Amino acid sequence: MSQRSNEALERFKSGYFCSQAVLSVFCEELGMDLLTALKVASGFGGGMGRMGEVCGAVTGAFIALGLHDWMANPPTPDDKNKISERIRAFTKEFKKQHGSIVCKDLINCDLSTPQGYKEATDKGVFVSVCRPVVEDAVQILEQMLDRE
């Protein structure tokens, strides 16, 4: 396990959302301070505000890819295509490992209801599913960024 993965897992364990944990270990080298990254990623945990949509770890990685790849202002069609291609590449690898990028599919619970959140907590999915997802999202992102 990489240093970044360890750091992301420690942040997740200490109470940060998965989106915050992933983005936070890349943000400073990508030009965003830690506090801003934690704020930006705060609404994406639990699949976008605990709605169970796109996994927060995936969203945190998407934000990091945007920070890394977005260079033009205003963007050209090629600039837009580049980030879209990178998002699709990340998604393909993540789906290969986990089958989905949708939170409720990954954890098999509906976080948008109090009952679903309690079920997720009782089943321990934040440990058994979310921790490996955070770790894998960081590792996929590291591999993508290291190739450049």
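What follows is calculated from the coordinates using simple rules that are stated; it is not laboratory data. Here the structure is a predicted model, which means the values were calculated and not measured. Cβ placement follows ideal geometry from the backbone for every residue including glycine, while neighbour counts extend to all protein chains displayed.
One table, with the values for the structure above:
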| read-out | value |
| --- | --- |
| Order of Val134, Val102 - criterion: other Cβ atoms within 10 Å of each residue's Cβ, fewest first | Val102, Val134 |
| The chain: calculated mean residue ellipticity at 222 nm from DSSP helix runs of at least 4, using -39500 (n - 2.57) | -19500 deg cm²/dmol |
| Mean separation of Cα contacts under 8 Å, 6 or more apart, over the residue count of the chain: relative contact order % | 27 |
| Neighbour-count ranking [beta-carbon atoms within 10 angstrom, fewest first] of Cys18, Cys103, Cys27 | Cys27, Cys18, Cys103 |
| Read-out volume of the Cα convex hull per residue in Å³, derived from the coordinates shown; its label in [x] 97; [y] 108; [z] 124 | [y] |
| Distance between modelled label sites at Lys80 and Lys118, nm, 7 Å Cα→Cβ extension | 4.6 |
| Built amide H within the under 5 Å cut-off of Val54, gap 5+ | Cys103 |
| Cβ-derived FRET efficiency at R0 30 Å, Ser128 paired with Leu34, nearest 0.05 | 0.60 |
| Aspartates and glutamates whose Cα lies under 19 Å from that of Lys82, excluding same-chain neighbours fewer than 8 positions away | Asp69, Glu93, Glu142, Asp146, Glu148 |
| Between helix 56-69 and the chain: long-axis angle, C-alpha atoms, 0 to 90°, nearest 10 | 10 |
| Paramagnetic label zone (point 7 Å from Cα along Cα-to-C-beta, Trp70; backbone N under 15 Å) in region 4-22 | none |
| For region 15-24, 3J(HN,Hα) per residue [Karplus equation, 6.51 cos²θ - 1.76 cosθ + 1.60, θ = phi - 60°, Hz, x = Gly/Pro] | x, 6, 5, 4, 4, 5, 4, 5, 4, 4 |
| For the chain, size of Cβ-based charge dipole, Lys and Arg +1, Asp and Glu -1, in debye | 380 |
| Packing-based exposure ordering (other Cβ within 10 Å, fewest first) of Ser128, Ser24 | Ser128, Ser24 |
| Within straight-line cross-link reach of Lys118, lysines at Cα separation under 21 Å, skipping those fewer than 8 residues along the same chain | Lys13, Lys104 |
